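Some notes on the structure that comes next.
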Amino acid sequence: MIAAELIENTNKVFFECELKRILMDIKPKNLIDIKYTVTGNPVIDKVIPDPIHYSALVVYNE
């Protein structure tokens, strides 16, 4: 059976910890794909820049 986990966070450290935790629980042969995205607008000239948003979709066989 195919399963997927979506991880999202605006804090890079917490995001990476959660992603590593999930990947450690999955056997390497069961990993199908990882889609990793970083979005946001860290433009310096804005008064309040948009926060950076990290997300990953991990697809694997259970």
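The simple spin-label model puts a point 7 Å past each Cα toward its Cβ; for L23 and E62 those points are separated by 2.3 nm. The ranking of K29, K12 by Cβ neighbour count inside 10 Å, starting from the fewest, reads K29, K12.
Say R0 is 25 Å: what FRET efficiency, to the nearest 0.05, do N11 and I34 get from their beta-carbon distance?
Working: r = 19 Å, r/R0 = 0.77.
The pair N11/I34 has a calculated efficiency of 0.85.
Counting other beta carbons within 10 Å of each Cβ, put V58, V38 in order, fewest first.
Values: V58 20, V38 11.
Listed from fewest to most nearby Cβ atoms, that is V38, V58.
Laboratory data are not the source of any read-out in this text; all were calculated from the coordinates shown. Keep in mind that this is a model prediction, so the values were computed, not measured. Methodologically, a virtual Cβ is constructed for each residue, glycine included, from the backbone with ideal geometry; neighbour enumeration extends over all protein chains shown.
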